[in-house]
Structure formats: C-alpha cells, structure tokens
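Below: the structure, in structure tokens.
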Amino acid sequence: MSSEIRAIVAEEQDGKVKGRLKTLSTSDLGDGNVLVEVAYSTVNYKDGLAVTGKGKICRRTPLVCGIDLAGTVLSSEDPAWKAGDRVLVNGYGLSEDQHGGYAQQQRVNGAFLVRVPEKFSFHDAMAIGTAGYTAMLCVHAVQDHGIRPDHGPVLVTGAAGGVGSVSILLLKRLGYQVAAVTGRPELADYLTGLGADAIIERAELARDSKPLEKERWAAAVDSVGASTLATVLAQTRQEGVVAACGLAGGVSLPSTVMPFILRGITLRGIDSVQCAMAHRVRAWHDLATLLDSAALAQSTVTEPLARVPALAEEILAGKVKGRVVIDVNA
Ligand code: NDP
C-alpha cells in the first residue's frame with residue numbers, strides 16, 4: 001500500500017535541474033530491495049551542488065536528492081537485513097542515479113547499507129554523515145602511510161567545513177598536532193575548541209606556490225584542491241602523505257612533480273562514493289571508537305527538510321560551519 005511522504009526532489013526548472021520540497025507517493029521511490037524509514041540526512045558540499053543545480057550531480061530526473069541517510073529498516077527482500085535494523089548509507093550514487101536521503105522513506109539496495117554502530121543514535125550517525133566518514137577515510141590514509149603523532153603536525157584545509165571539522169576532532173583524539181587552515185579567522189575559537197593547535201589563514205596557502213617550499217607538515221587532509229593543494233604538496237615533509245578529497249577551492253592542481261621526486265610525497269586520493277564495503281565498515285567502527293555525541297555536538301546544527309534548498313546555497317557560499325543534520329520528519 002502506498003502512502004504520501006515529503007522529499008526534496010530534483011526536477012528540471014527553467015532549463016536547470018534544481019531540488020525543491022515535494023510530496024511523493026511511496027510508489028515513486030527507488031526500486032531497491034530494502035525499505036528504510038529515514039530519520040535523518042545531512043547537507044554536504046555535494047548536496048549543495050545537486051540541490052542548487054550548480055553541479056551536474058543528478059544524472060536523471062525526477063530524483064530524490066541527499067547523498068546520505070540513517071534510519072530503520074521497515075521491510076527487506078535482502079536476507080542480510082530485517083525490519084528494525086538500524087542502517088545508514090553514504091554515497092553509492094544516492095542523489096546521482098539513485099533516489100537519495102531527503103525523504104521520509106527510501107528504497108535502497110541492501111548492498112549499500114552499513115549498520116549504525118550501537119553507540120550512535122541516528123542523529124549522531126548523520127552528525128558525522130558523508131563528510132565525517134570521508135574525514136575518517138582521510139585519517140586512515142594518514143595512519144596507513146605510517147605517519148605517527150611524533151612525526152610532526154598534520155594540516156587540515158577547509159577546516160571549518162564538514163570534512164575539516166571532523167578531521168580535526170579525529171586527529172586530535174588520535175594524538176596528532178593539528179594545524180587548521182581557514183578563510184574564516186572569526187571561527188578560530190570554534191576550531192581550537194575542536195582540537196586545532198594552530199590556525200592558518202587561507203590566503204597563506206591559496207596562492208601561487210614554489211615547486212618546493214619549507215617542509216612543515218608530516219601529512220595533510222585537503223578538502224579544497226587547486227592552489228591550496230599545490231602549496232600543501234610543496235610544504236609536506238619528506239615521505240609525507242596528502243589525502244585529497246575535495247574541490248571547495250577548485251578542481252585544478254597547479255603543481256609540479258618536484259614534491260614527488262625530491263621528497264617522496266604521496267598524494268592519496270579519497271573517494272567515499274564507491275569506496276569498498278570493508279573500508280566503510282572499518283571507518284564506521286573507528287568513528288564509533290573515537291567520537292561521541294558530546295564531541296559531535298560542538299560542530300552540528302539540526303534543520304528541517306524544508307530548509308535544504310536554502311542550506312544548499314549557504315554551503316556553496318562557504319557559510320556553513322561544521323555539519324548540518326537534516327530532520328526529514330520536521
Ligand atoms: P563544506 O562546505 O562543509 O567545507 C568546505 C570548506 O572549504 C569550507 O567550510 C571552507 O572552509 C573551505 N572553502 C570553501 N570555499 C573555499 C575556497 N574558494 N577556497 C578555499 N577554501 C574554501 O564542505 P564538505 O566538508 O561537505 O566537503 C568539502 C569538500 O570535500 C567538497 O569539495 C566536497 O565535494 C568534498 N568531498 C569529497 C568526498 C569524496 O568522496 N572525495 C566526500 C565528501 C566531501 P573555511 O571556511 O574554514 O576556510
């Protein structure tokens with residue numbers, strides 16, 4: 001039996017694909033084999049691109065937006081899941097070619113689901129969301145490269161954003177010295193509250209860099225790209241690693257081979273969308289070990305579904321601090 005639900009749906013409007021609040025029938029949902037009652041979703045940078053239509057994220061229309069969700073399984077044709085299971089999804093094409101999390105219910109492929117760690121409420125899970133899970137993948141890249149806290153400071157760019165804020169929390173919990181790069185110096189207290197030991201002005205890095213500069217960072221988590229990433233590479237210490245996940249500052253990479261051939265730097269790409277399930281499970285396990293509701297509360301606000309279009313504009317304008325959880329039932 002179908003019922004009505006509210007959702008943010010991307011449709012073509014005046015030649016542009018944009019998301020807006022609509023009422024749908026549950027029969028309009030995806031054809032996944034698990035029906036989930038969604039509790040929360042979030043606003044990530046990519047959601048901003050999708051809902052405003054400023055990035056070509058939604059590859060078909062109409063499509064429910066929202067790249068992540070957390071909620072309860074209502075029914076399942078996948079034997080791995082049963083009614084009552086607490087689940088989440090990050091990426092896997094949600095809001096690209098699959099209906100996403102900005103809806104009160106969603107049908108998803110059982111193979112996309114991760115069990116919400118017992119310690120976390122649905123709200124906690126989405127306070128982390130795709131940005132926080134990506135931050136954990138970046139931190140794993142740093143750890144797996146053998147970088148230990150005594151090797152030197154780790155740089156986090158786009159620090160006051162979602163990936164940046166959770167990266168600072170995680171690195172601090174693991175004992176690293178953290179330097180935070182921000183274009184919003186007025187948020188210095190927020191960043192030091194999360195665990196940043198030093199605040200660096202965005203303009204110090206978002207500039208033309210030399211092929212090699214003074215060695216400063218044992219490792220870096222970069223969600224900005226472009227000239228910032230090039231400067232980070234030029235300043236990373238011998239044998240260091242830079243985990244690159246984002247493009248908030250642009251898609252270019254105006255660098256040279258010098259950091260790679262003269263300092264043995266590793267540039268490690270992070271893709272949260274098609275990341276293998278084993279890495280996702282490891283990430284969520286470690287997130288549950290390192291974070292709790294109190295830590296997450298510092299960087300999280302909760303907003304109703306109807307606010308998503310406005311928040312999508314705000315995140316692209318660099319005005320969102322930390323994480324925004326969306327209560328799809330409010
Ligand atoms: P947010 O908007 O929350 O954070 C981005 C931060 O980048 C901003 O808060 C701001 O930090 C900084 N920033 C914004 N504009 C610029 C600019 N023009 N130049 C330099 N810095 C800028 O986004 P998210 O944390 O959700 O995502 C961050 C990036 O990571 C995005 O590009 C996103 O697409 C990408 N991403 C990639 C994933 C993957 O799988 N590879 C998964 C998740 C995210 P401040 O104000 O402190 O300077």
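Model label points for residue 214 and residue 2, set 7 angstrom from Cα along the Cα-to-Cβ axis, are 6.5 nm apart. Within the chain, what's the longest run with no GluC sites (Glu not before Pro) in a DSSP loop and at most 13 other beta-carbon atoms within 10 Å? Give the range, please. That gives 119-330 as the longest site-free run. D by Stokes-Einstein for segment 131-269, Kirkwood Rh over Cα pairs, 10 °C, 1.306 mPa s: 111 µm²/s. Extension gain, residue 266-residue 252: 0.36 nm per intervening residue step, less the Cα-Cα distance, totals 3.3 nm.
A simple spin-label model places the labels of residue 80 and residue 238 4.5 nm from each other, with each point 7 Å out along Cα-to-Cβ. Between the C-alpha center of segment 305-330 and that of segment 5-66 there is a gap of 14 Å.
Extension gain for the segment residue 204 to residue 273, taken as residue separation times 0.36 nm less the Cα-Cα distance, is 21.8 nm to one decimal. Based on DSSP H runs of at least 4 residues, each adding -39500 (n - 2.57), what is the mean residue ellipticity at 222 nm of the chain after dividing by all its residues, to the nearest 500 deg cm²/dmol? Result for the chain: -8500 deg cm²/dmol, rounded to the nearest 500.
Of the peptides 247-253, 168-174, the order by per-residue mean of other Cβ atoms within 10 Å, starting with the highest, comes out as 168-174, 247-253. Simple rule: put +1 on each Lys or Arg Cβ and -1 on each Asp or Glu Cβ in the chain, find the dipole, and look at 75, 298, 232; the Cα lying farthest toward the positive end is 232. Structure note, pairs 16/46; 172/321; 172/210; 54/319; 210/321: Cα-Cα distances above 24 angstrom occur for 172/210; 210/321.
Modelled spin-label separation between residue 59 and residue 150, with each label point placed 7 Å from Cα along the Cα-to-Cβ direction: 4.8 nm.
Shape of segment 74-214 from its Cα gyration tensor (a ≥ b ≥ c, root eigenvalues): rounded if a/c is under 1.5, otherwise prolate when a/b > b/c, or oblate? It comes out prolate by the Cα gyration axes.
Every read-out reported here was derived from the displayed coordinates using simple, explicitly stated rules and does not represent laboratory data. Here the structure is a predicted model, which is why all the values come from computation and not from measurement. We place every Cβ from the backbone using ideal geometry, glycine too, and count neighbours over all the protein chains shown.
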